[in-house]
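Enquirer: After the structure tokens below, expect a handful of questions from me.
Bear in mind these aren't lab numbers, they're just calculated from the coordinates by the rules spelled out. What you see is a predicted model, and the numbers here were worked out from it, not measured in a lab. We place every Cβ from the backbone using ideal geometry, glycine too, and count neighbours over all the protein chains shown.
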Amino acid sequence: MTNSLRVGSRASRLAEIQARSVLARLQEYHPSTRFRLTKIATRGDRRRDLPVVEIGGKGLFVSVVQDALLAGAIDIAVHSLKDLPVESPKGLTIGAVPERADPRDVFISRGETLAELRPNAVVGTGSPRRAVQVLARRPDLRIKSIRGNIPTRLNRVWNLEVDGVILSAAAMVRLGLDDHITEYLSVAHFLPAPGQGALAVEVRSNDRDVQNIVRRLDHKFSRTCVEAERAFLKAMGGGCTAPLACLGTVSGGRLTLRGMTESGGRLFYAESESGLSAWSDAAKTLARRFRERGDG
């Protein structure tokens, strides 16, 4: 058994909280092993002045951490799963997906719900997916592209720069800021990003000892859902630049996968269903339904 293992993550406050939650569970399961946190600054953390699509896209927040894992500078990496590109770098694998937190989006304002905002009010988000879903419900609103950590985005609301922002429920709860949530947005109209609310525990593909150590963190239903969501994203050729959304849910031993795409200012929704072991079939079926529509 390895005596000491290094757990790496982005250097942001949220990433640290997420990594420490994983580290604490690993320490509980393997008390004879010492787990140490290593924080790594990524390009996304250093360049908050530009939109994500201009400085690297999907791998923006993970590539430096993955490089450290491949180089042996860390032994385990913890990511927000929605930040991971759909293809793992050669030599790396997702060793575990812990039980997923709330995948929904939330709206934060100075008191009004999204429906209560005055016409021409400004909603801040850096996500094309969130933007198109807001405008589908409230075409009279304006979208302002914003970046920065969650406290920075909340300050834009308190400083009257925007009338509200849309963020991840899981992130707000993990940061202890859920008291600021004005409303939880229904997935009937606001589907999340693939993998939203889930964490990925990444390890080296050839490190069987570490794979065995992290395996106990894996949550079967959470992993099934996010694997299907990522397979759908891959089949659609999507990344953070495309307004794509997808959410898998499990009930009665069946997986339901619901997705959203946008074309010509219109949103299109579809869903597919499969057994839990056939999640890739559900993803392919869902992607095919959108392509047959001409939206993929």
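Enquirer: Considering the zone a paramagnetic label at residue 20 would reach in this model (a point 7 Å from Cα along the Cα-to-Cβ line), which residues of the range 160-178 have amide N under 13 Å from it?
Expert: 174-176
Enquirer: Okay, moving on. Could you tell me how many cubic angstrom of Cα convex hull volume the range 165-238 has per residue?
Expert: 144
Enquirer: Size of the dipole of the chain about the Cα centre, Lys and Arg at +1 and Asp and Glu at -1 on the beta carbon, nothing else charged, in debye to 20?
Expert: In total the dipole reaches around 400 debye.
Enquirer: Still on this model: For the chain, build the charge dipole from Cβ charges (+1 Lys, Arg; -1 Asp, Glu) around the Cα centre, then report which of 176, 286, 214 sits farthest towards its positive end.
Expert: 214
Enquirer: Grab the Cα-Cα distance for residue 160 and residue 278, subtract it from 0.36 nm times how many residues apart they are, and report the gain in nm with one decimal.
Expert: Full-extension gain reported as 37.7 nm.
Enquirer: Further question on the same structure: Tell me which of 68, 106, 80 sits at the most positive position along the dipole axis of the chain, charges placed on C-beta atoms (Lys, Arg +1; Asp, Glu -1).
Expert: Going by the Cα projections, it comes out as 68.
Enquirer: Looking at the chain, do any whole DSSP H helices span at least 20 angstrom along their long axis by alpha carbon and average -0.5 or above on Kyte-Doolittle, and which?
Expert: Span-like helices, by this rule, are 13-29, 220-235.
Enquirer: Taking the Cα centre of the range 219-296 as origin, work out the dipole magnitude from +1 charges on Lys and Arg Cβ and -1 charges on Asp and Glu Cβ, in debye rounded to 20.
Expert: 100
Enquirer: Before anything else, pin down the relative contact order of the chain: Cα pairs under 8 Å, at least 6 apart, normalised by residue count, whole percent.
Expert: Relative contact order, the chain: 20 percent.
Enquirer: Further question: Find me the longest stretch of the chain that has none of the exposed GluC sites (Glu not before Pro), where exposed means in a DSSP loop (not H, G, I, E or B) with at most 12 other Cβ atoms within 10 Å.
Expert: With GluC sites (Glu not before Pro) excluded where exposed in loops, the chain gives 117-296 as its longest stretch.
Enquirer: While we're on this one: I need the phi-derived Karplus couplings for the range 171-184: 6.51 cos²θ - 1.76 cosθ + 1.60, θ = phi - 60°, integer Hz, Gly and Pro marked x.
Expert: Per-residue couplings from phi come out as 5, 4, 5, 4, 7, x, 10, 5, 5, 7, 5, 7, 7, 8 Hz.
Enquirer: From the C-alpha coordinates alone, can you work out the Kirkwood hydrodynamic radius of the range 51-190, in Å?
Expert: Result for the range 51-190 stands at 16.7 Å.
Enquirer: Show that you can apply the helix-only estimate: for the chain, add -39,500 (n - 2.57) for every DSSP H stretch of four or more residues, divide by all residues, and state [θ] at 222 nm to the nearest 500.
Expert: The per-residue figure over the chain is -9500 deg cm²/dmol.
Enquirer: Hey, another quick one. Given H placed 1.01 Å from N in the peptide plane, which residues other than close sequence neighbours of residue 35 have an amide H under 5 Å from its amide H?
Expert: Placed amide hydrogens put 5 under 5 Å from residue 35.
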